[in-house]
1. From the set of residues in segment 97-136 that are over 17 Å from ILE172 (Cβ atoms) and of a type in the set (D, E, K, R), which is least open to solvent (accessible area, probe 1.4 Å)?
2. Name, by its number, the condition in (1) assigned to a helix (DSSP H, G or I); (2) free of Cβ contacts under 8 Å to residues at least 24 places away in the same chain that does not hold for ASN240.
3. In a helix (DSSP H, G or I), in contact (Cβ under 8 Å) with a residue 12 or more places away in the chain, of a type in the set (A, V, I, L, M, F, W, C) and more than 30 Å from ALA292 (Cβ to Cβ), is that true of ALA408?
4. Which pairs do you get when a residue that is within 15 Å of LEU195 (Cα to Cα) and among the aliphatic types (A, V, I, L, M), found in segment 212-229, comes within reach of a residue that is part of a loop (DSSP other than H, G, I, E, B) and open to solvent by 50 Å² or more (accessible area, probe 1.4 Å), reach meaning Cβ atoms under 8 angstrom, with the pair 6+ apart or on two chains?
5. Looking at PHE168, PHE152, can you tell me which residue is of a type in the set (A, V, I, L, M, F, W, C) and more than 27 Å from LEU91 (Cα to Cα)?
6. In the list LEU371, LEU306, which residue meets the criterion of being surrounded by 15 or more Cβ atoms within 10 Å (Cβ to Cβ), in contact with a helix residue (DSSP H, G or I) (Cβ under 7 Å, 6 or more places away or on another chain) and farther than 23 Å from GLU250 by Cα?
Amino acid sequence: MKLLFFCLFFCFFIPFVSQGQEILSESEKEEVPIIVDEETFDEGYIERQTLYYESIVKEYLDEIQSLLRRTVEERRREIEKRYEPVIQKELEREARNRADAIVLFEEFIKKYPDNEEHTPGAMYRLAELYYERSAVALEKKMIEYEEAIIAFERGEISEEPRIPMADFSPTIKLYRDILDKFDDFKYMGAVYYMLGYCLAESGYEEKAVAVWLELLERNIETPYLAELYLRIGDYYFNNNDLPEAAKYFEKGVEFRESDFFDKILYKLAWTYYRQNFFEKAVASFTELVMFADEMRSQGIDRGQDLRKEAVQYIAISFADEEWGDVDKAIKYFEEDIDGREFEKEVFEQLGKYYSENANYRQAERAYRFILKRHPYYESAPRIHYGMIQMFNQAREFDKASAETAVFAKKYDQDSEWARINRGNATAVLEAAEW
């Protein structure tokens, strides 16, 4: 980025210098005296030029990114068009191979229905093939459904199409047969998991949960434990049995290395929040934010899609009339946790929430806490400006006037805040506009 900046600097600036020298040489006969306060001009000159050229670089990069997005999309369409016949032929070949394999496994199972060494494995593989066949059929039905929806919206058909459901009944039957006949099958955990999954996808959620609970009760080893706790907890959560949901989510968060950890933690926090267990909810939302930040620092995309909402509900919890207030939030962040990295976001949300609900005293307390604790935060001007707007809304015009004077001095282009944030040209320019 710095290399690109200096390249652009020399590309833009050097021609101007040389051009200026040529013009001066041509006009030497008609010298016009220019009065300039050299000391004033030199003060902050480098900073001004840096901000100017950084804004040019940002515009250039935005244009490049827009061009790249268009190019990638056009290229994707070209590739899809070129390879669509090849892909279609491959899918047809795969379907034929699947059909042949299904016939072979069906004949084997019919010939050897009770062979404990080989039959359960054949049944397990056949169930997978049935599942694949049903999934492909569902995909085709979904394409037809989407086309029918478009026709319905255009008024070409009178009855609204129904969304198709998967039919995994052949797969379900085979998994049940394995459970009934071959109790010692080595992949029994996977059988239980997939049986429940197929039932759930077919709309039989209660039966699915019953299967998964049986798996847990039998203490059968399975790599799907974390996901099972999430799915069972979700079932109780959606049916408003929050204590039971919490029980399974609490077991699920023990699997921190699972890909489902962030989702389980999020649902656990929500379960606490819905029961008005705000202290537990805040602790769980906080853990989620810290987890997401830890993952981001390692370049791992886990928890990022849930982080924003977690921050929001930490603030909303502290704004609860019966449980929270700004002082409790301050104590939590100053004494209970090391949350300085994201407390700025929480208090900005907290102030905004109180302001929108006309609790201006608490809103001001939240805004002033964050402005004092993080005076050089890149979003400090936005927060400060929001506080000024709030004073105007509350008709506290003396406060608004006083803070406007503070704002002008604190965030102008010669301020310490501007110096520290000069690498963020957008923030500096926005502060100047306010």
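The values are calculated or read from the model by the stated rules, or taken from the named source; none is laboratory data. In this text the structure is predicted, and so the values were computed from the model without any measurement. Here the Cβ positions follow ideal geometry from the backbone for every residue, glycine too, while neighbour counts run over all protein chains shown. Ligands, DNA and RNA are stripped out before the accessible areas are found, and what is left, the full protein with its side chains, is counted by its heavy atoms. Shrake-Rupley method; radii C 1.70, N 1.55, O 1.52, S 1.80 Å.
1. My answer is ARG98.
2. (1)
3. no
4. LEU225/PHE255
5. Numbers: PHE168 fails: more than 27 Å from LEU91 (Cα to Cα).
Result: PHE152 is the single residue among PHE168, PHE152 that is of a type in the set (A, V, I, L, M, F, W, C) and more than 27 Å from LEU91 (Cα to Cα).
6. Details: LEU306 fails: farther than 23 Å from GLU250 by Cα.
Step by step, each of LEU371, LEU306 is checked, and only LEU371 is surrounded by 15 or more Cβ atoms within 10 Å (Cβ to Cβ), in contact with a helix residue (DSSP H, G or I) (Cβ under 7 Å, 6 or more places away or on another chain) and farther than 23 Å from GLU250 by Cα.
Here is a yes/no grid of residues against (1) touching a strand residue (DSSP E or B) at 6+ places or on another chain (Cβ under 7 Å); (2) touching a residue at least 12 places away in the same chain (Cβ under 8 Å); (3) within 23 Å of ALA432 (Cβ to Cβ):
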site: GLU334; (1), (2), (3): no, no, no
site: ILE337; (1), (2), (3): no, yes, no
site: PHE342; (1), (2), (3): no, yes, no
site: LEU350; (1), (2), (3): no, yes, no
site: GLU356; (1), (2), (3): no, no, no
site: TYR360; (1), (2), (3): no, yes, no
site: TYR385; (1), (2), (3): no, yes, yes
